[in-house]
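Taking it in order: structure first as structure tokens, then the write-up.
The values are calculated or read from the model by the stated rules, or taken from the named source; none is laboratory data. What you see is a predicted model, and the numbers here were worked out from it, not measured in a lab. Please note: Cβ atoms are built from the backbone with ideal geometry, for glycine as well, and neighbour counts cover all protein chains shown.
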Amino acid sequence: MAQKDWAMRLPAVKSKADLVYDNLREGIVNGVLKPGDRINMDELSRTLGVSKIPIREAVKRLESDGFLDSRVHSGVVVARVDQTEMRGVFLARGAIEGLVARLAADKVSDGLLVDLEATQRQMRDDLRAGRVDRLAELNSEFHRRLAESSGYRILADLTEQLLLTVRRYRVVAPVDEQNWESVVAEHDAIIAALRGGDSAAAAAAAEAHIMSQAGQEISES
């Protein structure tokens, strides 16, 4: 058996550090762990049933990603969201989302349109039913799928990182139902441009969507 064939057969198994990382990051993004909350490694070790080694590894990664801060007297805490930095996040999102939509429109597929429309229907259903708690993840699914269709992994990775940062910010600056309705309408404009294969219109709609959702974060910069 060739070495490359053997390597391809290895299962994709996450390490304990990866699982701890995913668990903590999800808690931070969803607001279960709020800015300023202290991370108790002893308690985490008992709760998750792992040693402190994978917890330390996960914490270092989350510090590097900007989700956690190490402080001399407070230990490790959930990082606070910097308002000035958020302006940069939205500006970066606008540029990247515009590029992603342009690339997606150049090679739009029926599968992409079906997936985006399905997410839109779910968002509308949840809005009508008042289930706003799921809308942030559905919104992420929409943008994640669009980024994947660009054909560039780096754009998908950057989109994911920026989405997570924005979701952290929305814990302290939540989106109301009226704003979610605007989000869905802005998504519709992106889909319409994609369906027409109009790359310029798709890019413009995507950038306008991000700038609209940025609100004061951009206008005050």
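Checked against (1) buried (at least 16 other Cβ atoms within 10 Å of the Cβ); (2) touching a residue at least 40 places away in the same chain (Cβ under 8 Å), Leu48 meets all criteria but (2). Within region 58-82, being in a helix (DSSP H, G or I) and surrounded by fewer than 16 Cβ atoms within 10 Å (Cβ to Cβ) holds for Lys60, Glu63, Ser64.
Would you check if Val108 is at pLDDT 90 or above, surrounded by 16 or more Cβ atoms within 10 Å (Cβ to Cβ) and not in a helix (DSSP H, G or I)? Here the answer is yes, as Val108 does meet what is asked. All told, Lys14 meets the bar of being at pLDDT below 90, touching a helix residue (DSSP H, G or I) at 6+ places or on another chain (Cβ under 8 Å) and among the basic types (Lys, Arg).
Scoring Glu85 on the criteria (1) in a helix (DSSP H, G or I); (2) more than 30 Å from Ala201 (Cα to Cα); (3) modelled with pLDDT under 90; (4) of a type outside the set (Ser, Thr, Tyr) leaves a single failure, condition (2).
Does Val114 satisfy being surrounded by fewer than 14 Cβ atoms within 10 Å (Cβ to Cβ), at pLDDT 95 or above and of a type in the set (A, V, I, L, M)? When the stated conditions are applied, Val114 passes them.
Given the condition under 22 Å from Asn179 (Cβ atoms) and either assigned by TED's automatic domain parsing to the domain that holds Ala202 or touching a residue at least 60 places away in the same chain (Cβ under 8 Å) (or both), answer yes or no: does some residue in region 62-77 qualify?
Here is the first cut: in region 62-77, the residues under 22 Å from Asn179 (Cβ atoms) are none.
Checked region 62-77: no residue is under 22 Å from Asn179 (Cβ atoms) and either assigned by TED's automatic domain parsing to the domain that holds Ala202 or touching a residue at least 60 places away in the same chain (Cβ under 8 Å) (or both).
Hey, any hits in region 182-193 for a residue that's free of Cβ contacts under 8 Å to residues at least 12 places away in the same chain, out of contact with any Gly (no Cβ under 6 Å at 6 or more places or on another chain) and not aliphatic (A, V, I, L, M)?
Let us first name the residues in region 182-193 that are free of Cβ contacts under 8 Å to residues at least 12 places away in the same chain, namely 185.
Right, trim to out of contact with any Gly (no Cβ under 6 Å at 6 or more places or on another chain) and you get 185.
Narrowing further to those that are not aliphatic (A, V, I, L, M): none.
Within region 182-193 (the criterion being free of Cβ contacts under 8 Å to residues at least 12 places away in the same chain, out of contact with any Gly (no Cβ under 6 Å at 6 or more places or on another chain) and not aliphatic (A, V, I, L, M)), the answer is no, since none of the residues qualifies.
Against the test of being more than 26 Å from Pro174 (Cα to Cα), hydrophobic (A, V, I, L, M, F, W, C) and surrounded by 14 or more Cβ atoms within 10 Å (Cβ to Cβ), the options Leu103, Leu127 yield a single qualifying residue, Leu103.
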